[in-house]
Amino acid sequence: MSDRMIGRTVIVTGGGSGIGAGIAKGMAREGANIAVADLNIEAAQATVDEIFAAGGAAIATHVDVANRATVAAGIAAAVEHFGRLDAYFNNAGVNAPMPFLEITEDNFSFILRINALSVLIGTQEAAKQFLTQERGATGIRGKVVNTASIAGRTGFSTWAPYSAAKAAVISLTQAGARALASDGITVNAFAPGVVATPLWVKLDADLAKMGAADAGFDSMAADILLGRPAQPEDIVPTALFLASADSDYITGQVIPIEGGMILV
């Protein structure tokens, strides 16, 4: 274990499962104080229990990432417990595939609210806290890290709203970086490809009902140059880099973590 995260406080939204849980546990192993924010407080507490069992420090907070009041309350709870905030992961997300010609306004609004509006709210509320804190040695007060996706770089017909939302995450990352750089706040993102998480289990079931198995986990994973889908643990090293002082001179960037699926 290095010392780059010791004493740092990190909030991870959607930390009750999948990529978020992997990031939370990986950060804790490196000595960070973790606030696991999730709409499912039982899942958040389960992640916290694992961190405790491994000797780490963590709290669970009940947060609806598209509700500003609960996002602000989650940040306040983390700061009250640990004293400050160093990195905020806008990670929570959801997908609900539909055939392109059957996408409804409700489906579109739901996906954009959870995946994109939440990033705006989370970045704004985290920045408010960062602005109350002193700058570090390199002038940085805090870091926002967003979970984008390869779907934000290329549109998928069976989940067009999700692709649109993740494209919005990329744009919000760039806009936030421009807006907040002079305040000593960096905003970056990573873009996973096919990651073995509970979200994909549900997605596969939904796609099978639609008769779109060719867009499912196994089919998409077959295009990965490195020959396997990602596990949440594959995301952790990049997340650590973006949350630590190692990335203090990087902002507005999106780092792909997809094993060679999308080559640009």
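The values are calculated or read from the model by the stated rules, or taken from the named source; none is laboratory data. Bear in mind that the values here come from a model prediction, so they are computed numbers and not experimental data. Note: ideal-geometry Cβ built from the backbone for every residue, glycine included; neighbour counts use all protein chains shown.
Residues in the range 130-155 that are in contact (Cβ under 8 Å) with a residue 24 or more places away in the chain, under 20 Å from the mean Cα position of the chain (by Cα) and not in a helix (DSSP H, G or I): R141, G142, K143, V144, V145, N146, T147, A148, S149, R153, T154. The residue that is surrounded by the fewest Cβ atoms within 10 Å (Cβ to Cβ), among those in the range 138-186 that are β-branched (V, I, T) and in contact with a Leu (Cβ under 7 Å, 6 or more places away or on another chain), is T158. Restricting attention to the range 233-254, the residues that are crowded, with 19+ Cβ neighbours inside 10 Å and either among the hydrophobic types (A, V, I, L, M, F, W, C) or farther than 21 Å from V187 by Cβ (or both) add up to 7. Report whether or not M27 is buried (at least 24 other Cβ atoms within 10 Å of the Cβ) and not in a loop (DSSP other than H, G, I, E, B). When the stated conditions are applied, M27 passes them. With respect to the conditions (1) buried (at least 17 other Cβ atoms within 10 Å of the Cβ); (2) in a helix (DSSP H, G or I), S109 falls short on a single one, namely (1). Checking each residue in the range 58-69 for being within 17 Å of the chain's Cα centre (by Cα) and within 20 Å of A46 (Cβ to Cβ) picks out A60, T61, H62, V63, D64, V65. The numbered conditions (1) of a type outside the set (D, E, K, R); (2) at pLDDT below 95; (3) in contact with a helix residue (DSSP H, G or I) (Cβ under 6 Å, 6 or more places away or on another chain) are all true for A167 except (2).
Listed by position, the helices (runs of 4 or more DSSP H) enclosed by the range 194-264 that each have at least 3 residues that are out of contact with any strand residue (DSSP E or B) (no Cβ under 6 Å at 6 or more places or on another chain), under 19 Å from I111 (Cβ atoms) and of a type outside the set (G, A, S) are 198-210.
Quick one: is A127 within 24 Å of N95 (Cα to Cα), among the hydrophobic types (A, V, I, L, M, F, W, C) and in contact (Cβ under 8 Å) with a residue 40 or more places away in the chain? For A127, the condition - within 24 Å of N95 (Cα to Cα), among the hydrophobic types (A, V, I, L, M, F, W, C) and in contact (Cβ under 8 Å) with a residue 40 or more places away in the chain - is not met.
Filtering the range 113-145 to residues that are within 30 Å of K209 (Cβ to Cβ) and touching a strand residue (DSSP E or B) at 6+ places or on another chain (Cβ under 6 Å) leaves only V119. Given (1) under 16 Å from the mean Cα position of the chain (by Cα); (2) in a helix (DSSP H, G or I); (3) buried (at least 24 other Cβ atoms within 10 Å of the Cβ), where does I51 come up short, assuming only one miss? With respect to (1) under 16 Å from the mean Cα position of the chain (by Cα); (2) in a helix (DSSP H, G or I); (3) buried (at least 24 other Cβ atoms within 10 Å of the Cβ), I51 is out only on (1).
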